[in-house]
Amino acid sequence: MLETTFSIANAIALLGWAALVLSLFAVRLRPALHGFAGVAIPVMLGLAYVGLIGVFWSRGEGGFDSLAAVAELFRSPGLLLAGWLHYLAFDLFVGAWIARAGAAAGVGALWLLPCFALTFLFGPMGFLLFLAVRAAHAAPLDAGTGEFAR
């Protein structure tokens, strides 16, 4: 059951990432795609996470007070899967935020794609790249007034 859940969760998360990529080019579908990838899928993954925690938490050893305790906690396959779903849900949620914030800031698709890839693979690295890309795309400051030129 855990392997099946793992495979299904991965496939669902990939659908969400595909929806985000599509949202870069299908402007009229963007609100629906952002809702699907940024809300519906993270909610589904979150509900599965809650279920796994409910079933496996009392069976797990370890905790959060040291690295060794976290490693012990993740020796439980059910809790390891819960941790994986946590990553899938939050990385996709952040990816959807990047898509929305990027669109609002006028950041082009070719700049957002590497942010998506890094967020998918390495979470915080993609988030940090997006912050840098968005800052680089911000309107320049007017040297005389110190205000953004728009």
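The values are calculated or read from the model by the stated rules, or taken from the named source; none is laboratory data. Fair warning: this is a prediction, and the values are worked out from it, not measured in the lab. In this analysis, Cβ positions are derived from the backbone assuming ideal geometry, glycine residues included, and neighbour counts consider all displayed protein chains.
Only one entry in Gly95, Gly83 is surrounded by 21 or more Cβ atoms within 10 Å (Cβ to Cβ) and at pLDDT 95 or above, namely Gly95. All conditions but one from (1) of a type outside the set (A, V, I, L, M); (2) modelled with pLDDT of 95 or more; (3) under 23 Å from Met125 (Cβ atoms) apply to Gly51; the one that does not is (3). Each residue in the stretch 9-33 was checked for being of a type in the set (Val, Ile, Thr) and modelled with pLDDT of 95 or more, and 2 of them qualify. Screening Gly95 against (1) without any contact (Cβ under 8 Å) to a residue 12 or more places away in the chain; (2) within 20 Å of Leu45 (Cα to Cα); (3) of a type in the set (Gly, Ala, Ser) leaves a single unmet condition, (1).
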